[in-house]
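Okay, so here's the structure we're looking at.
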Amino acid sequence: MHFFASVFTTECVEELPYCKSIFQGNDENKLRNYHVSPSMVKAKLLKLKINKAPVVDLVGTNMLVELADEISDTVADLFNKSLITGEVPPDWKLPNVTPIFKKRKKSSVSNYRPVLLV
């Protein structure tokens with residue numbers, strides 16, 4: 001994993017330039033007025049491709065599609081709480097990076113590339 005860590009750069013976020021917003025009003029409250037409805041969540045869940053492999057939590061897309069009616073209210077509440085408080089659950093911030101083999105010898109770490117799984 002040290003090899004893959006060396007590929008990424010760490011930038012100091014305190015020195016980023018200020019970007020003037022194209023929207024009027026208080027930047028901190030923009031997302032508070034946005035509401036995620038259970039029907040919006042259900043529509044997105046039903047559009048998932050069921051032949052995709054499960055990700056980190058090992059919940060397959062087939063299960064999410066089948067449970068769309070039952071979980072859409074809870075997922076909508078979770079998103080709305082995040083929008084209102086301005087906080088993102090820590091698990092949502094953790095990347096899922098896995099090495100994918102490119103070519104040549106599999107024993108060499110440099111023959112793999114890091115890929116972010118979504």
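Since every read-out is calculated from the coordinates, none of them should be taken as a lab result. Bear in mind that the values here come from a model prediction, so they are computed numbers and not experimental data. Don't worry about glycine lacking a Cβ; one is built from the backbone with ideal geometry, like all the others, and counts go over all protein chains shown.
Key figures
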{"read-out": "Sparsely packed trypsin sites (Lys or Arg not before Pro) within the stretch 76-118, loop by DSSP, other Cβ within 10 Å at most 15", "value": "Lys102, Lys103, Arg104, Lys105, Lys106"}
{"read-out": "Charge tally in the Cβ shell below 12 Å around Met40, where Lys, Arg are +1 and Asp, Glu are -1, Met40 excluded", "value": "+2"}
{"read-out": "The stretch 49-118 - percent relative contact order, Cα under 8 Å, separation 6 or more", "value": "22"}
{"read-out": "Karplus 3J(HN,Hα) series, Hz, for the stretch 42-48 with 6.51 cos²θ - 1.76 cosθ + 1.60 (x for Gly, Pro)", "value": "4, 4, 5, 5, 6, 8, 5"}
{"read-out": "Around Glu66: net Lys/Arg minus Asp/Glu count, Cβ-Cβ under 15 Å", "value": "+3"}
